[in-house]
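> A single structure is presented below for examination.
The values are calculated or read from the model by the stated rules, or taken from the named source; none is laboratory data. Since we're looking at a predicted model, the values are computed, not measured. As a convention, Cβ positions derive from the backbone with ideal geometry for all residues, glycine included, and neighbour counts pool all protein chains shown.
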Amino acid sequence: MAMDREQVLRAAAALLARKSTATMDEVARAAGIGRATLHRHFAGRDALVKALEAFGIEEFEAAVGRAALEDGPAGDALRRLIAEMEPAAELLAFLVTENQLFEGDQVDEGWARLDARVSALFRRGQEQGEFRIDLSPIWLTEALYGLIGTCAWAVMDGRVAKNEFQYMITELLLGGARRSVEK
């Protein structure tokens, strides 16, 4: 029986997002394959993490493309982006906390491409008066990644309903935590 690489990577991401110290044996069990099969495809944890990174960048670039960030109001584009990123939220939750991916001079250029596209959306929203201008587009980008990852953990732990994922991220990012008082 052939190994479904995408299924294995998704299972690994889901496990590692919940338990970053999971062993390769635990990853194999979570993916429903034998340890030897996992090791034939990923020589060790570092190789698995790099494969998850490449898969994650591919998934996020596809989500950004499907969200058509240049179309319509920036707020609507942001809502589409969050909806498109939801299926890969567990993967993002793992990747954004995997420090080894962002240290040194071996950082994958795919992250910079993604940051540039998402930051351009926030910049466009600022220029068009939709988004606040006192926060930089790169900070808003990082906040988006953090909210997606954190919400993914909350959904995995059952503290947040899956059907609230998009609403909670969008509303907190766009509305902030401050209660508005009408006068």
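> Of all the residues that make up segment 63-74, how many are within 14 Å of residue 115 (Cα to Cα), part of a helix (DSSP H, G or I) and either touching a Lys or Arg at 6+ places or on another chain (Cβ under 8 Å) or free of Cβ contacts under 8 Å to residues at least 24 places away in the same chain (or both)?
The number of residues fulfilling the criteria is 2.
> Another question, if that's okay. Filter segment 162-176 for residues that are under 13 Å from residue 89 (Cβ atoms) and either buried (at least 16 other Cβ atoms within 10 Å of the Cβ) or touching a Cys at 6+ places or on another chain (Cβ under 7 Å) (or both) and give the result.
165, 166, 168, 169
> Within segment 114-137, does at least one residue satisfy the condition of being under 23 Å from residue 17 (Cα atoms) and either of a type in the set (Gly, Ala, Ser) or over 17 Å from the mean Cα position of the chain (by Cα) (or both)?
No, there is no match, as no residue in segment 114-137 is under 23 Å from residue 17 (Cα atoms) and either of a type in the set (Gly, Ala, Ser) or over 17 Å from the mean Cα position of the chain (by Cα) (or both).
> Quick check, is residue 67 under 24 Å from residue 121 (Cβ atoms), surrounded by 15 or more Cβ atoms within 10 Å (Cβ to Cβ) and of a type in the set (Gly, Ala, Ser)?
Yes; evaluated as a whole, the condition is true for this residue.
> Can you find a residue that is within 17 Å of residue 69 (Cβ to Cβ), modelled with pLDDT of 95 or more and not small (Gly, Ala, Ser) anywhere in segment 111-118?
Within segment 111-118, one or more residues are within 17 Å of residue 69 (Cβ to Cβ), modelled with pLDDT of 95 or more and not small (Gly, Ala, Ser).
> Right, another one. So is residue 10 buried (at least 17 other Cβ atoms within 10 Å of the Cβ), of a type in the set (Lys, Arg) and under 20 Å from residue 145 (Cα atoms) or not?
The answer is yes for residue 10.
> In segment 133-167, what residues are within 17 Å of residue 76 (Cβ to Cβ) and without any contact (Cβ under 8 Å) to a residue 12 or more places away in the chain?
167
> Among the listed residues 25, 46, which satisfies the condition of being surrounded by fewer than 13 Cβ atoms within 10 Å (Cβ to Cβ), on the phi < 0 side of the Ramachandran plot, in a helix (DSSP H, G or I) and in contact with a helix residue (DSSP H, G or I) (Cβ under 7 Å, 6 or more places away or on another chain)?
It is 25.
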